[in-house]
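What follows draws every value from the coordinates through simple rules; no lab data is involved. Since this is a predicted model, take the numbers as computed values, not measurements. Using ideal geometry, Cβ is built from the backbone for each residue, glycine included, and neighbour counts are taken over all protein chains shown.
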Amino acid sequence: MPFKPNQRSACASIMLRTRYLPAVVALSLCLQGCTLRGAPSYEIFGAYFPLWLLSAVVGLLGALTAHRIFVSTGWAQIVPFQLSVCLAIGLTVAVLFWLSGTGQLL
């Protein structure tokens with residue numbers, strides 16, 4: 001099989017991949033977290049759940065509760081952009097739960 005000029009040999013391909021290895025390692029070290037311990041997590045029914053996941057669930061429940069309150073009080077016909085309003089309420093509830101779970105909320 002004749003050698004074509006546009007094909008690289010296996011050795012050249014390996015050299016090309018390893019040439020950028022120090023830069024990739026250096027960049028990946030810059031992306032490490034600042035803490036030595038893991039993410040805050042809580043034990044629920046014998047399994048550890050990260051706090052961000054619990055915050056997302058609580059925020060979703062907050063948005064659904066806000067929507068149910070809007071519908072039951074009749075505010076659903078008055079409030080414009082109801083999806084955005086319920087999303088903002090759910091996000092606020094999730095952030096407050098996150099801050100209280102990490103001890104940042106005074």
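Some observations on this one:
- Here the gap between A47 and I69, fully extended at 0.36 nm per residue and compared with their Cα-Cα distance, gives a gain of 4.7 nm.
- The string of couplings for segment 60-67 from the Karplus curve (6.51, -1.76, 1.60, θ = phi - 60°) is 5, 5, x, 5, 5, 5, 4, 5 Hz, one whole number per residue in order, with x for Gly and Pro.
- Karplus 3J(HN,Hα) series, Hz, for segment 49-57 with 6.51 cos²θ - 1.76 cosθ + 1.60 (x for Gly, Pro): 10, x, 5, 5, 5, 5, 5, 5, 5
- For S100 and V79, the FRET efficiency from 1/(1 + (r/R0)^6), where r spans their Cβ atoms and R0 equals 22 Å, is about 0.20.
- By other beta-carbon atoms within 10 Å, ranking W98, W75 with the fewest at the front produces W75, W98.
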